[in-house]
Amino acid sequence: MDWNAWDVEAIRRHFVFPQAGRVVTNNAASTQPPRELLTLYHALAYDYDNVHRGQSSASQRTTARFESAYDDIARFIGARSRNSIVAVRNTTEAHNAVMYSLLAEFRDGDNVVTTMMEHNSNYVPWYAMCKDILPKFGRRVEYRLARFDPLTGELDMDHLKSLIDRRTKLVCCTGASNFFGTKNPLADVRALAGASGYVQPTGERRSYLLVDGAQLVPSSFVDVQALDLDYLSFSFHKMLAPFGVGVLYARERLLESSPPFMYGGDMIAEGRVFPEHVEYNALPWKFAAGTPNILGTIISAEAMRILLDLALTPGRLRHFATDKPIERATVEAAMGRVATWNRELTGRAIEGLSRIPGIAIYGPRDAARRSALVAFNVAGRSPMDLARSLNEAGVESRAGCHCATLAHHALKLNPPASCRLSFYLYNTREEVDRAVEALVAIVVRGDRGMASGRQIGARRNPLPPTTNSRYGAATAVSVY
Ligand SMILES: Cc1ncc(COP(=O)(O)O)c(C=O)c1O
């Protein structure tokens, strides 16, 4: 890629946060919204009414915008049509939706395979289903956890293969880990799930595959048909939209055959509710019970449109707030460029951080193998303190287990925590350097941090030994 062609300054002009001097490196949690999106949100609020529930022109217009948001989402991920799209609150709700819609189908003796590198939202629902819910109905279903390689942060494909068998109804796997950053080999996982021989109620002989796309979709080109996914989840608040809307993609046939997981208004066929009999609505509205997050859904689709524009032509918004169809080639080109920029920033961060004595960086060493985040610990230092000191230095990171609690336990991190920098398309190389330098100052010189460019407190804090750390340098992936 010609780096000059990635005009990060032009991109940043669309955002408010740079003017506040914020160095936002917590993008794996949530990204920042472009100003045009907020303005649009405001403007739409003057012209809205409920969807599918009004004869007013405002209701008709809002309904048209809402429905076309579904079309945009479908095109963005390569779904055949809006019938495969379920708008939910977030990725977590999407995983729970899959669990509730498959609940009745799990047979005694079945199993569900997930991995040790999942976000809790792709483990705890399966745990709850197997341990809390199905036993109450006299059904024993087992969950199985595929290991990862603690040295590389890569999924152990041999172990995964050994766990999948003829009773595996579903395989769950993150597209990209929010702790290691590892991008999993989804085609290989699909092949394993596809070869299980499990007989689904539809007659198909294979395990379904649910991919958690929360970290993958915002920064990669994803094509649900090319990957042959049964389910894909993601959240728009990680791709420029405000909070509140996520997506469950599911193959249309699965949505047709599965029961709704929410019941009530709008998910029923108009007028077809009787004392003895209820008919459900056609897709995708069968899965849209109650008044949905209407503005949130419309704005989320516009966030995808502006994402394409920022990646391709930040000086001129061509897709945002227009009816221009979203072409697959456009999505591929734009997301390819986002991925490449993220790789540049992540590689630079890994290289810079590697110079810090006692640091343990988790996940694959090669930035091309990972999403745009770097989690680490420094021997003898609390990750929470590091994140707080970084904040004092004006760098917004995140410390904790990032809801990847199983992976932190597997690495024997005590407490189960790490500090994480994560980037998005508006971050600059200088911001990466500033984050690294702030960390060097905190770790090596003992600085507590800088506020508004002014050092507000420095203390001598000689580095403790790099081994046998509470924070796991000894067990971690790469120790420098
Ligand atoms: C990989 C992964 N899965 C799931 C989630 C949960 O997303 P949400 O909080 O939007 O439900 C996250 C959030 O950080 C994530 O990184």
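The values are calculated or read from the model by the stated rules, or taken from the named source; none is laboratory data. Predicted, not measured: the structure shown is a model, and the values here were computed from it. Cβ atoms come from the backbone with ideal geometry, glycine included; neighbour counts cover every protein chain shown. These accessible areas exclude ligands, DNA and RNA; they are computed on the full protein's heavy atoms, side chains included. Shrake-Rupley method; radii C 1.70, N 1.55, O 1.52, S 1.80 Å.
Points to keep in mind about this one:
Conditions (1) of a type in the set (D, E); (2) out of contact with any strand residue (DSSP E or B) (no Cβ under 7 Å at 6 or more places or on another chain), marked per residue:
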residue: M239; (1), (2): no, yes
residue: G244; (1), (2): no, yes
residue: V247; (1), (2): no, no
residue: S257; (1), (2): no, yes
residue: Y263; (1), (2): no, yes
residue: I268; (1), (2): no, no
residue: E279; (1), (2): yes, no
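- Selection count where residues are buried (at least 19 other Cβ atoms within 10 Å of the Cβ) and either within 16 Å of the ligand (Cβ to nearest atom) or of a type in the set (D, E) (or both), scope the range 8-29: 5
- Subset of the range 355-373 (residues that are more than 14 Å from the ligand (Cβ to nearest atom), buried (at least 21 other Cβ atoms within 10 Å of the Cβ) and outside any helix (DSSP H, G or I)): G358, I359, A360, I361, Y362, P364
- Those residues of the range 73-99 which are away from the ligand (no atom under 13 Å from the Cβ), in a helix (DSSP H, G or I) and open to solvent by 10 Å² or more (accessible area, probe 1.4 Å), in sequence order: R75, R82, N83
- Hits in the range 208-232 (condition: farther than 23 Å from L373 by Cβ and within 16 Å of the ligand (Cβ to nearest atom)): L209, Y231
- Which numbered condition L155 misses (of (1) within 16 Å of the ligand (Cβ to nearest atom); (2) out of contact with any Phe, Trp or Tyr (no Cβ under 7 Å at 6 or more places or on another chain)): (2)
- Here G290, G347 are screened, and the one residue that is of a type outside the set (D, E) and at pLDDT below 95 is G290.
- Taken over the range 136-168, residues that are out of contact with any helix residue (DSSP H, G or I) (no Cβ under 7 Å at 6 or more places or on another chain) and open to solvent by less than 10 Å² (accessible area, probe 1.4 Å) amount to 2.
- Restricting the range 386-432 to residues that are among the β-branched types (V, I, T) and open to solvent by less than 20 Å² (accessible area, probe 1.4 Å), the residue that is farthest from the ligand (Cβ to nearest atom): T428
- K183 vs. criteria in contact with a Leu (Cβ under 8 Å, 6 or more places away or on another chain), within 16 Å of the ligand (Cβ to nearest atom) and of a type in the set (D, E, K, R): yes
- F180 touching a residue at least 60 places away in the same chain (Cβ under 8 Å), under 19 Å from the mean Cα position of the chain (by Cα), open to solvent by less than 20 Å² (accessible area, probe 1.4 Å) and over 19 Å from A87 (Cα atoms): yes
- Condition check for A176: within 16 Å of the ligand (Cβ to nearest atom), touching a Phe, Trp or Tyr at 6+ places or on another chain (Cβ under 7 Å) and small (G, A, S): no
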